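The block underneath contains the structure these notes are about, expressed in structure tokens.
The values are calculated or read from the model by the stated rules, or taken from the named source; none is laboratory data. Quick caveat, the model's predicted, so the values are computed rather than measured. We place every Cβ from the backbone using ideal geometry, glycine too, and count neighbours over all the protein chains shown. Ligands, DNA and RNA are stripped out before the accessible areas are found, and what is left, the full protein with its side chains, is counted by its heavy atoms. Shrake-Rupley method; radii C 1.70, N 1.55, O 1.52, S 1.80 Å.
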Amino acid sequence: MTALVLDGGIALLTIGIAAWTIRAGDDFAAVVGFIAYGLVLTLAWTRLGAYDVALTEAAIGGGATGVILMRAGARVKPAPASRPSRLARIIVGALSAAVAAGLAAVVLLPPQPAPSLALDVREHLASTGLGNPIGGVLMAYRAADTFLETVVVLLALFGVWSLGRDAHWGGRPGPAPRPGIGGPLPLFARILVPAGIVIGIYIVWVGADAPGGKFQGATILAAMAILAGMAGLVAAPATSGRRLRWLLAAGPIVFVGIGLAGIPLAGAFLAYPPGFEKPLILVIEVALTVSLAAMLALIVAGPPERSP
Amino acid sequence: MNAAMLATTPGGGLLVAAITVPVIGILLLWLVRPRDVETVALAALLANLGVALAVLEKVAAGAAPLVYLIGGWQPPLGLALRADGIAAVFMAMAAIVLVPVAVYARGQFGAPGERRPMVFWTMLLAITAALNLIFLGEDLFNLYVALELLTFAAVPLVSLDGSRETLKAALRYLVFALAGSVLYLLGVAIIYGAYGTLDLGGLAALRGPDGALLVAVGLMTAGLAAKTALFPLHLWLPPAHAGAPPAASAVLSALVVKGSFFIALRLWFDLLPPERAVAGSTLLGVFGAAAVVVGSAMALRQARLKLLVAYSTVAQLGYLFLVFPLGLGSGAAPFESTAWTAGALQLMAHAFAKAAMFMAAGLVYEAIGHDRIAEFRGLGRIAPLTVLTMTLASISLMGLPPSGGFSAKWLMLTAAFGEGAWWWVLVIAAGGLLAAGYVFRILVPAFTPPEEPAARKKPVVVTREAAALALALAAILIGFLPLAPWPLLAVGRIAAGAP
């Protein structure tokens, strides 16, 4: 009974916040609604026992995306909103309702028991040296997807950089820091950032055997970098810096290097030599964490805005 | 429940090279000295061409697909790469288009170390990797990753010039492309929920209730149609393709929109139960037919060459969607059908001709300082090689013999006549006439002698004109393939109707 009330409450809250976000009067309110929506979704995933998804939703959906939207909202000048015509809105509404109805029908009529690869995943997990089945999927069975997803994030960063002006290419993102920001933010950052770095590293470390991993850990580390930057404690690096470029490329290079070494040593691309699975996976995870944290922090920092 | 066990075939390592070569190229671009960027990119594209041709040779020689199991894991747990006949042909076609585009683009984006060359060469290699993965991927989520790579590589190319209009065009493209991604991913989630596998081979072998599959494929097709700019979801394409720099437009129009189309092809021909696919295919054909008519009519009305060429893409993509009703409706063995070969030829002929056309449009702009069609008089005197390129590409776009466009449309007409489907015959014929209308609007003034001798604004490098001409010639040359179903295109397809 308690569970039903709790789940029903979360479901109603999700829909309520979604509707409120759509109806929100201005950009700032809509972004706040979106962040709250991400947090409620995190609760929903937790109730479903999908802790990895919950962590990711909290970090990326509510956290990183929220910060990006907040910055974008602050930069975009309020423009007179052009409302689509009544007919267009009716068509969009009808199509959305049709999609929702189709989804509801499919979700409510799943085959029993639901087919799944989960048993397969567990069965082969021992040979990967990992204890977390999701880690096994990401780093062994579907390592190619994981590798290419990090390339997608890298491309997204280059895409963000490409939006800067020619004169600023290679320069530092964001406006020049104002010296001596007062208020509670620097103090808050000094206290939270060290703790946050420890938590981020911990989340990566436990990812091998429990919910967590490089994507979630890297997001927390990136958030700490952003916080320190917002408090004026660190400056964003110049995007043309060689050390920064190597930092960004390190993860993908280590990943593809170990992957290619698997061809002579383990018989296939992205296979790990027997007995060395876990150490090699950890090496890749650490390298990826560093690169991903840098990529995510820089995506939030935005295109270069100061001459190199 | 599992399909037949797969194993890595001899030569399968080439498929790993097809994915890793361009990606390693991207990483190197950002680490080498700025003045070496173009060399690294060109080397990666040449290596990619070598890999693609080697794959084509092996598939053709063995008449069997190449397979590679990544990490040694069997699907559906792991991922496999698989080059069947049509994948090998398309991969080679893309690799062939990319090299002249790169030759044409060298030195066009400013000094080494600036913004535009870094972004252009990075995104060109990313498009290469994404397309190769789309052709070789055998898993619906793996294909999603490839689609994301393609989107994140294509959008920045649109706004490469950095002007307000191109930023708006890029943003509109991004919105359409991301909506497409969301719909595709929803479909992937539904299919995993209902069948517990995302492996195309394993899914094709499944038989049973298919309600979830229909909803999923419906959502995914809508998403892919937005990414392919199928009418009426084409609204983003003309400003995006016309606003990008010519070398980028060439790749966007010739190759990028074909990536999402190829995945739609796989969903309909490999995944849907044949009787269901036949029922829905008419709808796709109707949208395709509307694209042919509306796109051509819009092309007829454009005052600027690049917009005309972009609207021509909307029309020519429409033909591709006629493959669904013609290929699926003919009964058994769709991969050996005339329509299957017609669609593949149309895709390739359009890729060659449209890349040549956009590159020529760029050269016209450089030669006379504008691309207003009304003022093209005397262009033939100023830029003879460029006008020759446009003429050859136009022959293929119109579907005149001998050209790839002619073979494609001839085979399409044959297929339509064979099924007694006269309404598709009307669309194909009308499309050819309308195409003649819009290309003659360019060619007639270009060939008219000028009233007073006009001068070139800027000398053009001959290698750049030659690169565009080579692609136009390729569009003509594939017209010399025999006018019959091409057996290579059926090699290794998972037969949808097979038990």
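Things to note:
- Largest-first principal axis extents of the Cα set of chain B (Å): 74, 58, 42
- Computed E for A:Ser85/A:Leu163 - FRET, C-beta separation, R0 35 angstrom, nearest 0.05: 0.70
- The heavy atoms of A:Arg242 offer some 130 square angstrom of accessible surface to a 1.4 angstrom probe.
- Förster radius 25 Å - calculated FRET efficiency between B:Arg372 and A:Ala72 (Cβ-Cβ, nearest 0.05): 0.10
- Zone residues, region A:285-308, relative to A:Asp27, backbone N less than 18 Å from point 7 Å out along Cα-to-Cβ: A:300-305
- Extension gain for A:Leu12 to A:Ile201 (0.36 nm times residue separation, less C-alpha to C-alpha distance): 64.5 nm.
- Alpha-carbon spread of region B:325-447, three principal axes, descending order, Å: 54, 22, 20
- A:Leu233 versus B:Leu283: modelled label distance in nm, points set 7 Å from Cα along the beta carbon direction: 5.5 nm
- Estimated FRET transfer efficiency when R0 is 22 angstrom, pair B:Asp36-A:Leu244 (beta carbons, to 0.05): 0.70
- Taking every Cα-Cα distance in region B:51-149 and sorting them into 10 Å bins from zero, the calculated P(r) comes out as 15, 37, 30, 14, 4 percent.
- On region A:26-178, 70 percent of the accessible area sits on carbon and sulfur atoms, based on a 1.4 Å probe.
- Extension gain, A:Ser116 back to A:Val92 (0.36 nm per residue minus Cα-Cα distance, nm): 5.2 nm
- For the chain pair A and B, the buried solvent-accessible surface (1.4 Å probe, both sides summed) amounts to about 4200 Å².
- Label point 7 Å beyond Cα of A:Ala104 along Cβ direction - residues of region A:1-44 with amide nitrogen under 15 Å: A:12, A:15-16
- Put simply, the Cα atoms of the protein assembly as shown extend 77, 66, 61 Å along their principal axes, the longest span coming first.
- Backbone N within region B:356-388 under 15 Å of label point (7 Å from B:Glu451 Cα along the Cβ vector): B:374-379
- Over every Cα atom in region B:272-355, the radius of gyration and the widest Cα-Cα span, Dmax, amount to 14.4, 46 Å.
- Occluded residues from region A:84-117, i.e. those whose accessible area drops by 50 Å² or more once the chain is not alone (1.4 Å probe): A:Leu103, A:Val106, A:Pro115, A:Leu117
- Radius of gyration and maximum dimension Dmax of region B:162-295, Cα, Å: 16.4, 53
- Over region A:8-108 - Rg/Rh using Cα atoms and the Kirkwood inverse-distance radius: 1.02
- Label separation (A:Ser127 vs B:Gln108): 4.9 nm, computed from points 7 Å beyond Cα along the C-beta direction.
- Seen against the Cα atoms of chain B and their longest principal axis, helix B:140-158 is set at about 10 degrees.
- Taking Cα atoms only, the orientation of helix B:85-105 departs from the longest principal axis of chain B by about 30 degrees.
- Under the simplified labelling scheme, the B:Phe417-B:Ala333 pair shows an inter-label distance of 2.1 nm, with each label point 7 Å from Cα along Cα→Cβ.
- The contact residues of region B:69-107, meaning those that lose at least 20 Å² of 1.4 Å-probe accessible area when all protein chains sit together rather than their chain alone, are B:Ile70, B:Gly71, B:Trp73, B:Pro76, B:Leu77, B:Leu79.
- Solution diffusion estimate, µm²/s, Stokes-Einstein, region A:210-308, Kirkwood Rh from C-alpha pairs, 20 °C, viscosity 1.002 mPa s: 143 µm²/s
- When the pairs B:Lys168/B:Lys306; B:Lys258/B:Lys458; B:Lys168/B:Lys457 are compared against a 26 Å limit on Cα-Cα distance, B:Lys258/B:Lys458; B:Lys168/B:Lys457 fall above it.
- Taking a ≥ b ≥ c as the square roots of the eigenvalues of the Cα gyration tensor, an a/c ratio of 1.5 or more together with a/b no larger than b/c marks region A:1-56 as oblate.
- Each eigenvalue of the Cα gyration tensor of region B:30-87, multiplied by 5 and square-rooted, gives one semi-axis; in descending order these are 30, 18, 7 Å.
- Every Cα-Cα pair in region A:176-262 was counted, and those over 17 Å apart are 63% of them.
- Solvent-accessible area per residue, Å², over the protein assembly as shown with all protein chains present [probe radius 1.4 Å]: 40 Å²
- Remark: region A:207-217, residue by residue, has Karplus-estimated 3J(HN,Hα) of x, 5, 10, 8, x, x, x, 5, 5, 5, x Hz, where x stands for each Gly or Pro and the curve is 6.51 cos²θ - 1.76 cosθ + 1.60 at θ = phi - 60°.
- Rg and Dmax over the alpha-carbon atoms of region B:317-384 stand at 18.6, 54 Å.
- Shape category assigned to region B:97-184 from the gyration tensor of Cα positions, a/c cut at 1.5: oblate
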